[in-house]
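Read through the structure below, which is laid out as structure tokens, and then see the notes.
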Amino acid sequence: MKGLPVIADGHHSDSIARAVQALAQGQLVGLPTETVYGLAADADNDAAVAQIFATKGRPSDHPLIVHVAGAEDIAHFAQDVPPFAQALVQAFWPGPLTLILARQPGRAEAAAGGQGSVGLRCPAHPVAHALLLACAAVGDGDEAGGPPVWGVAAPSANRFGRVSPTTAQHVQDELGEALLVLDGGPCQVGIESTIVDCTRGVPVLLRPG
């Protein structure tokens, strides 16, 4: 991929393929969502996720949100999903809603910051959705090879404590030109997702988005 642009048009299939290959190889990718741009890594690759914390300067015990292609991927990361959480998924996914659920043992450990729960979200942005679908197909006859990437940990693509980026250029300006960034245009929402804790028997709002 030497010589290819590091800000790539996320609406092109070859750009998606580049990003999938990078994620499957444990690299980081700048990802557009409808809220803000995220700094993505394979959520099940603890070494890749550690790069997110190092790049952002974020404490490793601060959990990261895992982005998935759809409700069918919840079971890979979470267990004991209560009916009210399922209802929230049906009503608000894809969209800017993160649900905190009991985590499957051995899944997304670094992304969860060592906690027994995991935050899951299904983004509505078409580029993010296309990337997540392509990631899930890894190992199914595609060129990237290896096991599927079931979801990506993707906090905002900025250094810890700084303003969240809403364009691909913001990401490059913040994190440098070595990072592959999928350009999906300006984010429509511009603020982070709403977070609802679903591990307490009733839904508890942790962050309005």
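Couple of notes before you dig in:
- For Thr167, neighbours were defined as the other residues whose beta-carbon sits under 11 Å from its Cβ, and their charges (Lys and Arg +1, Asp and Glu -1) total -3.
- Amide H to amide H distances under 5 Å link Leu180 with Gly30, where only residues 5 or more positions off or on other chains count and H is placed in the peptide plane.
- Computed from phi, the 3J(HN,Hα) profile of segment 38-46 under the Karplus parametrisation 6.51, -1.76, 1.60 (θ = phi - 60°) reads x, 9, 9, 8, 4, 5, 8, 9, 4 Hz, with x in place of Gly and Pro.
- Bridge orientation summary for the chain: considering DSSP beta bridges with both residues in this region, about 60 percent are antiparallel.
- Computed [θ] at 222 nm, helices only, for the chain once each DSSP H run of length n ≥ 4 contributes -39500 (n - 2.57): -7500 deg cm²/dmol
- Taking Lys and Arg as +1 and Asp and Glu as -1, the other residues whose beta-carbon sits under 13 Å from that of Ala154 total 0.
- Label assignment, volume of the Cα convex hull per residue in Å³ derived from the structure, set (1) 107; (2) 131; (3) 122: (1)
- Summing +1 for each Lys or Arg and -1 for each Asp or Glu among the other residues whose beta-carbon sits under 14 angstrom from that of His11 gives -2.
- When you work out D = kT/(6 pi eta Rh) for segment 117-209 at 4 °C and 1.567 mPa s, using the Kirkwood radius from C-alpha pairs as Rh and the Stokes-Einstein form, the result is 83 µm²/s.
- Each residue of segment 71-76 is assigned a 3J(HN,Hα), and the resulting list reads 4, 5, 8, 4, 5, 5 Hz, derived from the Karplus form 6.51 cos²θ - 1.76 cosθ + 1.60 (θ = phi - 60°), x at Gly and Pro.
- One way to sum up the overall shape of segment 146-199 is the equivalent ellipsoid from its Cα gyration tensor, whose semi-axes run 21, 18, 12 Å, largest first.
- Applying the Karplus relation 6.51 cos²θ - 1.76 cosθ + 1.60 with θ = phi - 60° to segment 194-209 yields 3J(HN,Hα) values of 5, 10, 10, 7, 10, 9, 10, x, 9, x, 10, 6, 9, 8, x, x Hz, where x marks Gly and Pro.
- Net charge dipole size for the chain [Lys, Arg +1 and Asp, Glu -1 on Cβ; Debye, nearest 20]: 540
- Considering only segment 95-209, percent of DSSP beta bridges that pair antiparallel, nearest 5: 65
- Here's how it looks for Gly209: its modeled amide H is under 5 Å from those of Thr194, Ile195, which are all 5 or more places away or on a different chain.
- With all protein chains in place and a 1.4 Å probe, the accessible surface of the chain carries 54 percent carbon and sulfur.
The values are calculated or read from the model by the stated rules, or taken from the named source; none is laboratory data. On a predicted model such as this, the values are computed, not experimentally measured, just so you know. Cβ coordinates were reconstructed from backbone atoms using ideal geometry, including for glycine residues, and neighbour counts include every protein chain displayed. Side chains included, ligands, DNA and RNA excluded: accessible areas come from the protein's heavy atoms. Shrake-Rupley method; radii C 1.70, N 1.55, O 1.52, S 1.80 Å.
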